[in-house]
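Following: one structure in structure tokens, then a few remarks.
Just so it is clear, none of the values below were taken in a lab; they were calculated from the coordinates. None of these values were measured; they are calculated from a predicted model. Methodologically, a virtual Cβ is constructed for each residue, glycine included, from the backbone with ideal geometry; neighbour enumeration extends over all protein chains shown.
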Amino acid sequence: MILDRRSRINTKELQIRLKNNNFGEKGFSSKQVAAFINQMQVYEGAMYEISTKLEILDSEFSMRFSHNPIHHMERRLKSVDSILGKLKHKNLPLTIDAIKDNLFDVAGIRVICNYRDDVYSVANYLSAQSDIQVLRVKDYIKNPKQNGYRSLHVIYAVPVFLSSGPHYTPVEVQLRTIAMDYWASLEHALRYKTDLPDAKLAEHSQTLLDCARSLQNIETQMQNIHRDINNAPRVGEA
Ligand code: GTP
Ligand code: MG
């Protein structure tokens with residue numbers, strides 16, 4: 001199952017957002033707007049290519065091992081406002097070249113897996129495919145962040161074939177288990193969606209760190225049960 005976190009590219013809306021961009025500068029020219037929209041279409045194509053590859057891997061696993069490694073996927077293209085905001089934040093010019101050279105998460109897919117083994121199998125099989133390149137790996141499962149965040153982040157470059165030839169385009173893929181996703185959603189809400197007093201924030205952050213450790217333990221125990229089930233003879237086969 002794939003959840004689209006944002007609707008498809010809406011050309012009209014993009015034209016309006018870009019022409020009247022609210023970053024204190026004069027709006028983009030029609031030519032720049034057209035180039036931006038073309039580039040977003042390339043990112044969208046790259047995102048679809050990777051999600052199709054992931055769906056194919058998932059269904060092959062389900063045929064071969066009677067197990068679906070992927071619980072569900074979410075995908076999204078970064079909004080114009082976030083793209084321009086990130087360029088500003090990094091003191092970069094508001095140009096297509098600056099986006100292409102510096103932002104690797106314009107196209108993003110989150111792959112939520114059932115077990116930790118699934119995260120690594122899916123990532124390894126995808127990384128081994130000959131038509132895509134691995135640009136960067138950040139393994140926050142082996143090395144969790146200080147706040148307790150765990151996930152495997154891989155930036156892939158996938159060729160999108162246009163009339164001018166292949167355009168290798170980055171897609172950020174975040175792979176995590178259901179437990180890691182459960183944790184990350186609450187931590188994200190605590191960090192970005194609330195205006196709690198500092199003391200409360202600190203208290204909740206500490207509790208979340210404890211939760212991350214507990215979830216990791218539960219996950220290890222459940223992973224072990226799952227491995228044993230998988231390795232045991234099937235009912236009727238023994
Ligand atoms: P930015 O994209 O500029 O943040 O830098 P980066 O791409 O080097 O960052 P990184 O790969 O570490 O993280 C990218 C994404 O992972 C973020 O946009 C979030 O979606 C997610 N992420 C990273 N750290 C955390 C965290 O501590 N908590 C949560 N909830 N999500 C995180
Ligand atoms: Mg990022």
Just name one of LEU14, THR177, GLY165: the one whose Cα is farthest towards the positive end of the charge dipole of the chain (beta-carbon charges, Lys/Arg +1, Asp/Glu -1).
LEU14
Mind putting a number on the dipole of region 156-238 about its Cα centre? Charges go on the C-beta only, +1 for Lys and Arg and -1 for Asp and Glu, and I need it in Debye to the nearest 20.
160
Scaled to the compact-protein estimate 2.2 N^0.38 Å, what is the alpha-carbon radius of gyration of region 129-219, rounded to two decimal places?
1.44
What is the distance in Å between the Cα centres of region 1-79 and region 191-238?
29
Share of pairwise Cα separations in region 7-140, more than 27 Å, in percent:
33
Okay, which of region 126-154 sit inside 15 Å, backbone N to the point 7 Å along the Cα-Cβ direction of LEU196?
147-148
Counting only residues 5 or more apart in sequence or on a different chain, those whose built amide H sits under 5 Å from that of SER151 are TYR140, ILE141
Taking R0 as 41 Å, what FRET efficiency do you get between LYS90 and SER214 from their Cβ-Cβ distance, rounded to the nearest 0.05?
0.65
Volume per residue of the C-alpha convex hull in region 170-232, rounded to whole Å³:
96
Is any helix in the chain, taking whole DSSP H runs, at least 20 angstrom long along its axis by alpha carbon and on average at least -0.5 on the Kyte-Doolittle scale, and which ones?
30-65, 178-192
Over the alpha carbons of the chain, what is the largest minus smallest coordinate on each principal axis, giving the biggest first in Å?
70, 53, 26
Rg to Rh quotient for region 66-142, alpha carbon positions, Kirkwood Rh
1.06
Where is the GNM fluctuation largest for the chain (alpha-carbon springs, 10 angstrom cutoff): GLU203, GLU49, GLU219?
GLU203
Got a sec? Charge dipole of region 11-229, +1 on Cβ for Lys and Arg, -1 for Asp and Glu; which of THR220, VAL122, GLN146 is way out at the positive end?
GLN146
Based on Cβ point charges of +1 for Lys and Arg and -1 for Asp and Glu, what charge dipole magnitude is obtained for region 11-229 about its Cα centre, in debye rounded to the nearest 20?
620
With a cut-off of at most 16 other beta carbons within 10 Å, and DSSP calling the residue loop, which trypsin sites (Lys or Arg not before Pro) in region 149-238 qualify? Please list them.
LYS193, ARG234
